[in-house]
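Notes for the one structure printed next.
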Amino acid sequence: MDWYYTRLFAIGHSDTLKELERDLQSLFDLVLGTERGCESLLAQVAKRGEGSAPLIEIAIKRYRHVIFSGLLIGHSSELADGYWTFIARNGEVEWCAFDLSLKDGVIFSAEIEGKLSGLDGFKPTIVKAEPAK
């Protein structure tokens, strides 16, 4: 079975971040590590099987006053050539996908939506990603 790893960084009120840190335990199969600093939280979590993207969205909607950014990586032969990044504010999230197998690095919205929507019916906000020049 495939694993989906997420590394997230959150900025917000320290009491809210403590709640978020506890909530991660119930949302994900594994919490690999967390670290809290001055009004910030860094966490690495994992989920077996599909469904990490919707879980991130649940946390983002639940903690609307927290600013999030992060990275989602699927560990499988099918997903090994790409990854997704996200940023969120006010309960709204924007996803960006990167496909390392493409020579020019450009990812088309339909391709991203096809891969991500397979994650428990997840419908992402799509952003076209291009390589740095």
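Scoring 42-48, 13-19 by mean Cβ neighbours within 10 Å over their residues and listing the highest first yields 42-48, 13-19. Between Arg22 and Ser69, the simple label model (points 7 Å from Cα in the Cβ direction) yields a spacing of 2.9 nm. Protection proxy ranking of 29-38, 85-94, 55-64, by the mean of other Cβ atoms within 10 Å over each peptide's residues and highest first, is 55-64, 85-94, 29-38.
Distance between the pseudo-spin-label points of Arg7 and Glu92 (7 Å out from Cα toward the beta carbon): 2.8 nm. Near Asp2, the amide H atoms lying under 5 Å from its own belong to Gly49; only residues 5 or more places off or on other chains count, and H is placed 1.01 Å from N.
Rolling a 1.4 Å probe over the protein heavy atoms gives region 1-98 an accessible area of 54 Å² per residue. For Phe68, Phe98, Phe9, the ranking by accessible surface with the largest value first comes to Phe9, Phe98, Phe68, using a 1.4 Å probe. Counting heavy atoms of the protein chains alone, Ser69 has an accessible area of about 40 Å² for a 1.4 Å probe.
The values are calculated or read from the model by the stated rules, or taken from the named source; none is laboratory data. What you see is a predicted model; the values in this text were computed from it and never measured. Because the Cβ atoms are built from the backbone with ideal geometry, glycine has one as well, and the counts that use them run over all protein chains shown. In case anyone asks, the SASA skips ligands and DNA or RNA and just uses the protein heavy atoms, side chains included. Shrake-Rupley method; radii C 1.70, N 1.55, O 1.52, S 1.80 Å.
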